[in-house]
1. Most exposed first by the Cβ proxy, i.e. fewest other Cβ within 10 Å, how do W46, W86 rank?
2. Looking at the square roots a ≥ b ≥ c of the eigenvalues of the Cα gyration tensor of the chain, which shape do they give, rounded for a/c under 1.5, prolate if a/b is larger than b/c, or oblate?
3. Anyone know which of P133, P178, P103 comes out most mobile in the 10 Å Cα GNM of the chain?
4. If neighbour count is taken as other Cβ atoms inside 10 Å, put Y63, Y197, Y33, Y107 in order from fewest to most.
5. Among N41, N117, N93, whose mean-square fluctuation peaks in a Gaussian network model of the chain (Cα, cutoff 10 Å)?
6. With θ set to phi - 60°, apply the Karplus curve 6.51 cos²θ - 1.76 cosθ + 1.60 along region 158-168 and write out the HN-Hα couplings as whole Hz, x wherever there is a Gly or Pro.
7. If a/c stays under 1.5 just call it rounded; otherwise compare a/b with b/c (prolate if a/b is bigger, oblate if not). Do that for region 50-112, with a ≥ b ≥ c from the square roots of the Cα gyration tensor eigenvalues.
8. Measure off 7 Å from each Cα along the Cα-to-Cβ vector at F112 and R214, then give the distance between these two points in nanometres to one decimal.
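Every read-out reported here was derived from the displayed coordinates using simple, explicitly stated rules and does not represent laboratory data. This is a predicted model, so every value here is computed, not measured. In this analysis, Cβ positions are derived from the backbone assuming ideal geometry, glycine residues included, and neighbour counts consider all displayed protein chains.
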Amino acid sequence: MFGLAQAARRAAVALNGRRLNPGIRHFSAALNYHLDSPDNNPNVAWEFTEPNKERVREIISHYPSNYKQSAVISLLDLAQQQHGGWIPVSAMNKIAETLGMAPIRVYEVATFYSMFNRAKVGKYHLLVCGTTPCMIRGSCDIEEALLKHLGVKRNEVTKDGMFSVGEMECMGCCVNAPMITVADYTKGSEGFSYNYYEDVTPKRVIEIVEMLRRGETPPVGTQNPDRIKSGPAGGNTTLLSEPKPPPCRDLDAC
Ligand code: FES
């Protein structure tokens, strides 16, 4: 499977007429290991907030008491929202303690799923879809425009802490490729949002960034004014009339 994915990616790059920048790591995850640092080590105290403790209890109640470890992904997600977009090791340890599981089991989940960030991200974490349909439709140009405009490398945070740019694999929106997602950590776990911006262009993603910087909420979904949701640009070209009802036996004639 991995070989096939690589081959598909190479084909997409060739189709897109450009080579990937060899200086950029083309992986979804910024970090596959943990190194202790002053603000990320097991001795830094970490706790869910009081409202989130209630949410933790509610999440765990969805599972049988002997399977509460199944809540690990939801709790990691909540911890990440609470902690401004990333999960320190002490939060993972707290989750392990809460769910009665070995810390390594939590680390395994957090390192496997690329939506969990284990290093700081911006208040707005911009995720460029890098999978084949988006790549064929220009995701390399989208990423390049964002990195250049913000003056950062992938997974680096802008000096004001506002933005970072990461890569995500297919987010199920290929029909409106290329697309980006904006994870908004400005309002904590209460106001967290994860919005899709589709049919984007290098110019449009910069407009979106500047709207976010001004505290505005750009309209989500397709950014192509000629499309409605995932419909064809310019309107339908087929299925223009009401569909005929399915044939039905004349029951009165029986
Ligand atoms: S390939 Fe980008 S959303 Fe599917």
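1. W46, W86
2. Details: a/c = 1.90, a/b = 1.30, b/c = 1.45.
Because a/c hits 1.5 or more and a/b fails to exceed b/c, the chain counts as oblate.
3. P103
4. Y33, Y63, Y107, Y197
5. Comparing N41, N117, N93 in the GNM, the peak value goes to N41.
6. 4, 4, 7, x, 7, 10, 8, 10, x, 10, 10
7. oblate
8. 4.4
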